[in-house]
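Student: If you scroll down you'll find the structure; I have some questions about it.
The values are calculated or read from the model by the stated rules, or taken from the named source; none is laboratory data. Small disclaimer: the values here were computed from a predicted structure and weren't measured. So basically every Cβ, Gly included, is an ideal-geometry build from the backbone, and we count neighbours across all protein chains shown. Accessible surface is based on the protein model in full, side chains and every heavy atom, while ligands, DNA and RNA are left aside. Shrake-Rupley method; radii C 1.70, N 1.55, O 1.52, S 1.80 Å.
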Amino acid sequence: MTNSTSEEDTPDGELISLLDAYLTAIQSGNETEQRRLLSQEPKLAAWADDLRDIDSFAAILSDPLEIRTQTSATAESIRFGKYELRGELGRGGMGVVFRAYHPELDRTVALKMLTGSAFTSPDQRRRFAQEARLASRIRHPHIVSIHDVGDFAGQPYFTMDIVTGASVATQLANGAIPIEQAVHWMIMIAKAVEHLHSNGIIHRDLKPSNVLLDECDEPCLVDFGLARALDEFHDPTVTGTILGTPSYMSPEQAAGRIREVTTRSDVYSLGAILYEMLCGRPPFKADSPFDTVLQVMEREPLPLRHWNLAIPKKLEQICLRCLEKSPDKRYPSALELAQDLERWVRGESSPYESLSPVTQFSRTFRRYPDVAYRLLALVPTLLIVMLRCLLAQNAPAISDYYTPIMMELSLWIGLSLVWEWHASKSTGHQWTPYAFLLTDIIFMTSILRARNKADISHVTAYALVVILSGLSLNRSQIWTAGLGCIAGYLCLVYGAKDFESWIVPILMVVLITCCTIVTDYQARRLSIWIRSRETAERQIPIKTQSPTI
Amino acid sequence: MNADSSQLADWLTLARQGDDSARNRLFEACRSFVALTARVQLHRRLQTKVDPSDLVQQSMMEAHHGFDKFRGGTPEEWLAWLKQIVQHNVLDADKHYRGTERRDLRRERPISDPALSHADWSPADPGPSPSQVLSKAERELQVAVAIESLPDDYRQVVLLRNLERMSFDDVAARMNRSRGACQMLWMRAVEQLRTQLNQDISSS
């Protein structure tokens, strides 16, 4: 840019460069430079105070600590009650963790400050302190010790040991963990959780980022018990709001049935962690927390061997037993889980019987609901048609009539299986729901057309397809279904040989359109409600534990 | 200056005792502060879809409704509290407009999340006397009023250069003007700010 030189020739240009240099000096906290510029150009003095005031405004608008670290050349640590805060270790849903130094004890600890809307009334703070005191009695090699619980300037906090080392979540960022290592860790974690349970504490927030790894690469639990304090703090009118990531939550927690949360909920979370350590991904993970909650409650986790065939069947069963929807079917305690894992390591057989074929079948059904419901409808239909054909072997007309239908049904079933297979193989399967929908509409139209059935009683099936597509809550899927159905129906009408009047097709198109609009409207309303719930819940964690600064 | 600053403290005290007119004056005095905070926070999150004035409205209403929950005493704590409310609302609006993008696990970085921020318990000055604290809060309000009352392009350049601490090259790129033009604009803006701030002082 050439005009900067031309400006510097003018008095204005010179002043601008000086002001700019001076502001830069203020912003970088360089006081020597500020003094030098002031002595060089006394005119600056008139501006200096205002520039500094504006800048201090910049500082209060941002995070005070952020500014500190930016201008840390001379920055002393920040006093916080008895402690000096010496930098941030990480942030999570419940608060911020600082490296804190206690000058009298000459000791450095991790200080967690609880923030957010959850701790506003004195009563809530008192209950938090109660929970934290209970937690501070715990001493266990694989549990981070809590030292001090307090309240400074209305800011509840507690201090704990600093664990140097990454969390399991950081390890998982690089993919799955070797099987033996994962099992070894899980045995230790489960025993630590058992220790918590025997002291009357339910962790409630077990997840990979809450399992830190110490110098010896051994797991260490953090953040236990406090989630309970938070749960209870929640306004009863919003019970059911989700705290934290639902991927590791038991169905009873995810559904917000706080009273049903027991030690077995922690067993579930242990299973979810084991699952992720072995497979590299949690058992349930969808695009939004709400969808994840739905999966946690309604779906069966994919078998571990789906992700990694190297995982032994027995180990898979141990993990899936933790992930049972019904708490009664899980391991009765974390210790039982640890013992069963140890038995597996030693190659001994488990006292827990394996699943009956009926249960296994219903599991598979819940694992692949999209294809399962289609099979449930199509396979019996196909069988009936086949039976009809067999019974009428002497009448070639009937068999000619049914053969194409049978073929179409088989193709329909086949394609559904292909789509489901594709959906389960790839992670980005956005198009498979559309493939399912279009397959349904095309085959339905084709079969109805072969039978020359354009009358109302048969074509209401189109409306049903639209309504079912509404279960996805996905507006573009609903409209795909709606428009696809109208197109399918028009094909049907066009090919129909005999119909009395145009009134029926017009009514039918109006019916399908109305169905689409209403379904879409419902989906939109529900999505708005869900989103408002998700944003109202400010506690969705963005947890990272960066152990060193 | 002192008379003026104690006025803010007085309003705060009276408002907490239930004086409605003091409360209204207190809120009126802080409107620009709230507006500027919202503006800077939105800017920082690159959130252009949200109108700052909506957030101001919402934050002021929340502050009104939740006034009883304010537990601090000093004007400085009061401003920090207001700031916290604005930050919550900015975060909500941001989440809302970003949709599911924010859930991406790869984005789980320790961003400086304003929702987790807290009362401004670490003033840069290690031990300000009470009167200094008061005048600081008062000064902040003045600066906010002055910046908010600037014409749009002046305010934009001050926001980028002074508050966001961007270099003029970046400012020029952002404002889609030449570097020289931005510098001239900036100097005029700062000059106007200075005039206004000094007027305020002499008038008070």
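Student: Which number in (1) surrounded by fewer than 17 Cβ atoms within 10 Å (Cβ to Cβ); (2) more than 19 Å from A:Leu337 (Cβ to Cβ) marks the one condition that A:Lys314 misses?
Tutor: (2)
Student: Test A:Ile179 against the criterion of being under 26 Å from the mean Cα position of the chain (by Cα), of a type outside the set (Lys, Arg) and crowded, with 17+ Cβ neighbours inside 10 Å, and give yes or no.
Tutor: Details: under 26 Å from the mean Cα position of the chain (by Cα): yes; of a type outside the set (Lys, Arg): yes; crowded, with 17+ Cβ neighbours inside 10 Å: no.
No, not satisfied.
Student: Can you tell me which residue among A:Ser362, A:Ser410, A:Ser354 is open to solvent by 40 Å² or more (accessible area, probe 1.4 Å) and outside any helix (DSSP H, G or I)?
Tutor: Only one candidate passes the filter, namely A:Ser354.
Student: Looking at (1) part of a loop (DSSP other than H, G, I, E, B); (2) open to solvent by 70 Å² or more (accessible area, probe 1.4 Å); (3) in contact with an Asp or Glu (Cβ under 7 Å, 6 or more places away or on another chain), which one does A:Ser349 not meet, given that it meets all the others?
Tutor: Only one criterion is unmet by A:Ser349, namely (3).
Student: Working carefully through the options A:Arg525, A:Arg531, A:Arg538, find the one that is at pLDDT 50 or above and either facing chain B (nearest Cβ under 9 Å) or assigned to a loop (DSSP other than H, G, I, E, B) (or both). Reasoning before the result, please.
Tutor: Details: A:Arg525 fails: either facing chain B (nearest Cβ under 9 Å) or assigned to a loop (DSSP other than H, G, I, E, B) (or both); A:Arg538 fails: at pLDDT 50 or above.
Selected residue: A:Arg531, the only one of A:Arg525, A:Arg531, A:Arg538 that is at pLDDT 50 or above and either facing chain B (nearest Cβ under 9 Å) or assigned to a loop (DSSP other than H, G, I, E, B) (or both).
Student: Moving to a separate point now. Give just the number: which of (1) open to solvent by 10 Å² or more (accessible area, probe 1.4 Å); (2) touching a strand residue (DSSP E or B) at 6+ places or on another chain (Cβ under 9 Å); (3) at pLDDT below 75 does A:Ile258 not satisfy?
Tutor: (2)
Student: Here is a follow-up. When the residues of region B:150-204 are narrowed to those that are acidic (Asp, Glu) and touching a residue at least 40 places away in the same chain (Cβ under 8 Å), which ends up farthest from A:Tyr22 (Cα to Cα)?
Tutor: B:Asp200
Student: So which of A:Asp231, A:Asp217 is among the acidic types (Asp, Glu) and at pLDDT 80 or above? Before you say what the answer is, go through the steps one by one.
Tutor: Values: A:Asp231 fails: at pLDDT 80 or above.
Only one candidate qualifies: A:Asp217.
Student: Among the residues of region A:374-390, is there at least one that is open to solvent by 40 Å² or more (accessible area, probe 1.4 Å), basic (Lys, Arg), farther than 19 Å from A:Ala487 by Cβ and outside the structural domain of A:Arg305 (by TED's automatic domain parsing)?
Tutor: Scanning region A:374-390, I find at least one residue that is open to solvent by 40 Å² or more (accessible area, probe 1.4 Å), basic (Lys, Arg), farther than 19 Å from A:Ala487 by Cβ and outside the structural domain of A:Arg305 (by TED's automatic domain parsing), so the answer is yes.
Student: Go through region B:170-199 and count every residue that is at the interface with chain A (Cβ under 9 Å from one of its Cβ atoms) and under 14 Å from B:Ala146 (Cα atoms).
Tutor: 6
Student: What about A:Asp123, is it in a helix (DSSP H, G or I), at pLDDT below 85 and surrounded by fewer than 18 Cβ atoms within 10 Å (Cβ to Cβ)?
Tutor: In short, yes.
Student: I would also like to ask the following. Mind counting the residues in region A:267-299 that are within 14 Å of chain B (Cβ to nearest Cβ) and under 21 Å from A:Tyr331 (Cα atoms)?
Tutor: The number of residues fulfilling the criteria is 3.
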